[in-house]
Amino acid sequence: MTPRRSCLITLIFLAGYVLPGHADDALPDSVLSENSETFEIACPGNPQQTTIDMNNCMGTKLDAVKSVEAKYVNAARQFISEAQDSETLKAFEAENQAWDALIDKASQATGVKWREGTIRGVLAADRRLVLTEMRIHNQWQNWLRYEDSTPPVLPEPLFKHVE
């Protein structure tokens, strides 16, 4: 990634936008164990010694988490659609809009808090990353699993950050 793209990513994070194409990215490496899947969130080969390195790393990590998010949100949407329950699907989509707004506003707020520092983009992106992981798990819990012993539609999403 070029320094110019790194600066663009920082500005995008501060503005609360997500780069297009994340949903089509390959899923990160993962380990499946019983009814959970642990996704490895990492920046292989990135020395993380400069602000540009850290911005690039956060972009890589966000790409990985956004691909997991797309997998789980699309699975929930399909699962609800198969039940032909338009009212529930409408509620699910409203929830997704609320999550998007929350994550955008929270990462923007973090960017504002650290507006005088060169690390602001990394901190805003980290907030977006943490909240997106929380969203994925929360939506799995509410839309992709059962309250009885029936196996979930997808395994429980867990995240392991590798530095």
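A few comments on the model shown:
- Just one of the listed residues (ASP63, ASP104, ASP53) is more than 23 Å from ALA26 (Cβ to Cβ) and either without any contact (Cβ under 8 Å) to a residue 40 or more places away in the chain or not aromatic (Phe, Trp, Tyr) (or both), and it is ASP104.
- Positions within segment 30-53 being of a type outside the set (Gly, Ala, Ser) and at pLDDT 95 or above, in sequence order: VAL31, LEU32, GLU37, THR38, PHE39, GLU40, ILE41
- Of all residues in segment 128-163, those satisfying the criterion of being touching a residue at least 24 places away in the same chain (Cβ under 8 Å) and among the β-branched types (Val, Ile, Thr) are THR132, ILE136, VAL153, VAL162.
- Condition check for ARG115: out of contact with any Ser or Thr (no Cβ under 9 Å at 6 or more places or on another chain), buried (at least 16 other Cβ atoms within 10 Å of the Cβ) and not in a helix (DSSP H, G or I): no
- Only one entry of GLU40, GLU69 meets the criterion of being surrounded by fewer than 15 Cβ atoms within 10 Å (Cβ to Cβ), touching a residue at least 12 places away in the same chain (Cβ under 8 Å) and not in a loop (DSSP other than H, G, I, E, B), and that entry is GLU40.
- Tally of residues being touching a Leu at 6+ places or on another chain (Cβ under 9 Å) and either of a type in the set (A, V, I, L, M, F, W, C) or not in a helix (DSSP H, G or I) (or both) across segment 72-86: 5
- Matching residues, segment 141-159, being more than 13 Å from the chain's Cα centre (by Cα), outside any loop (DSSP other than H, G, I, E, B) and closer than 24 Å to ALA42 by Cβ: GLU156
- The residue list GLN84, GLN97 contains one member that is exposed (fewer than 11 other Cβ atoms within 10 Å of the Cβ) and modelled with pLDDT of 95 or more, which is GLN97.
The values are calculated or read from the model by the stated rules, or taken from the named source; none is laboratory data. Keep in mind that this is a model prediction, so the values were computed, not measured. Because the Cβ atoms are built from the backbone with ideal geometry, glycine has one as well, and the counts that use them run over all protein chains shown.
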